Amino acid sequence: MKNIVIFASGFGSNFQALLDATKDGRLHGKIVGLICDKPGAYAMERARIHSIPVALFERHSFVSKHDMDVAILNQCQDWKADWLVLAGYMRLLSPMLIRAFPRHIVNIHPSLLPKYRGLDAVGQALDQKESIYGLTIHFVDEGMDTGEIIVQVPFEVDVMDRDHIEKRLHALEHQTYPAVINKLIMEESV
Ligand code: GRF
């Protein structure tokens, strides 16, 4: 069984979807811990409910971002992580951390990359009056949402309403992310 460490900064609905998928056998991996950088993030509560170990790393507790990521790397190694799965983690990872897990760090982003990188991708797309939305699951490299694309799922909207678009996106994310992580893990096991 491969060990997965989740990184999240906020609500953690994708973390929940991954957790649910491990419990009902759709994701053949074990979530061994949650890395969080925001005190009070609901993702941590979800972890506690499911007895998943949590490690909170706050940037102000470290002299540099590099030092923080060294501590995160040590934690991931203690948990014997095979895969790092970013699910709404709002920070760029240091090159040192990325190099420690080549092609084993994955992120989900709510746009059809390379369009609308970074924060508030849906808002950026709405500003451009996009009618095609979607998600991208990609390997993490040193850029912001620039890594090799694994999967993209587009959908068309006719109502330019943020709430409506975000609901569709989240439903799609919760269905797609566990399936893609499972596929990556299974491909590695053959
Ligand atoms: C998701 O929309 C994901 O695509 C992006 O951050 C959001 C996280 O939502 N990277 P949640 O915390 O999983 O609910």
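The values are calculated or read from the model by the stated rules, or taken from the named source; none is laboratory data. Note that this is a predicted model, so its numbers are computed, not measured. Note: ideal-geometry Cβ built from the backbone for every residue, glycine included; neighbour counts use all protein chains shown.
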Contacts under 7 angstrom Cβ, first residue in segment 162-190 being farther than 16 Å from Arg26 by Cα, partner assigned to a helix (DSSP H, G or I) and small (Gly, Ala, Ser), 6 or more apart: His170/Ser13
Lone unmet requirement of (1) touching a residue at least 24 places away in the same chain (Cβ under 8 Å); (2) over 15 Å from the mean Cα position of the chain (by Cα); (3) within 16 Å of the ligand (Cβ to nearest atom) for Asp69: (3)
Options Ile149, Ile108, Ile137, Ile98: the member that is closer than 20 Å to Asp82 by Cα, away from the ligand (no atom under 15 Å from the Cβ) and β-branched (Val, Ile, Thr): Ile98
Some residue of segment 115-134 being closer than 25 Å to Arg26 by Cα and either modelled with pLDDT of 95 or more or touching a strand residue (DSSP E or B) at 6+ places or on another chain (Cβ under 7 Å) (or both): yes
Output for segment 83-124, where each listed residue is hydrophobic (A, V, I, L, M, F, W, C), part of a helix (DSSP H, G or I) and in contact (Cβ under 8 Å) with a residue 24 or more places away in the chain: Met96, Leu97, Ile98, Ala100, Val122
In segment 160-174, the residues that are within 15 Å of the ligand (Cβ to nearest atom) and either assigned to a strand (DSSP E or B) or touching a helix residue (DSSP H, G or I) at 6+ places or on another chain (Cβ under 8 Å) (or both): Arg162, Ile165, Glu166, Leu169, His170, Glu173, His174
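Quick grid of which residues meet (1) away from the ligand (no atom under 11 Å from the Cβ); (2) crowded, with 19+ Cβ neighbours inside 10 Å:
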{"site": "Leu93", "(1), (2)": "yes, yes"}
{"site": "Ala121", "(1), (2)": "no, yes"}
{"site": "Ala125", "(1), (2)": "yes, yes"}
{"site": "Glu142", "(1), (2)": "yes, no"}
{"site": "Asp158", "(1), (2)": "yes, no"}
Residue in segment 1-19 that is more than 23 Å from Leu172 (Cα to Cα) and part of a loop (DSSP other than H, G, I, E, B) present: yes
Qualifying residues in segment 47-57 (those that are farther than 21 Å from Phe101 by Cβ and in a loop (DSSP other than H, G, I, E, B)) - the one nearest to the ligand (Cβ to nearest atom): His50
Selection status of Thr146, closer than 15 Å to Gly118 by Cα and assigned to a strand (DSSP E or B): no
Matching residues, segment 1-46, being away from the ligand (no atom under 13 Å from the Cβ), aliphatic (A, V, I, L, M) and buried (at least 16 other Cβ atoms within 10 Å of the Cβ): Ile4, Val5, Ala21, Leu27, Ile31, Val32, Ile35
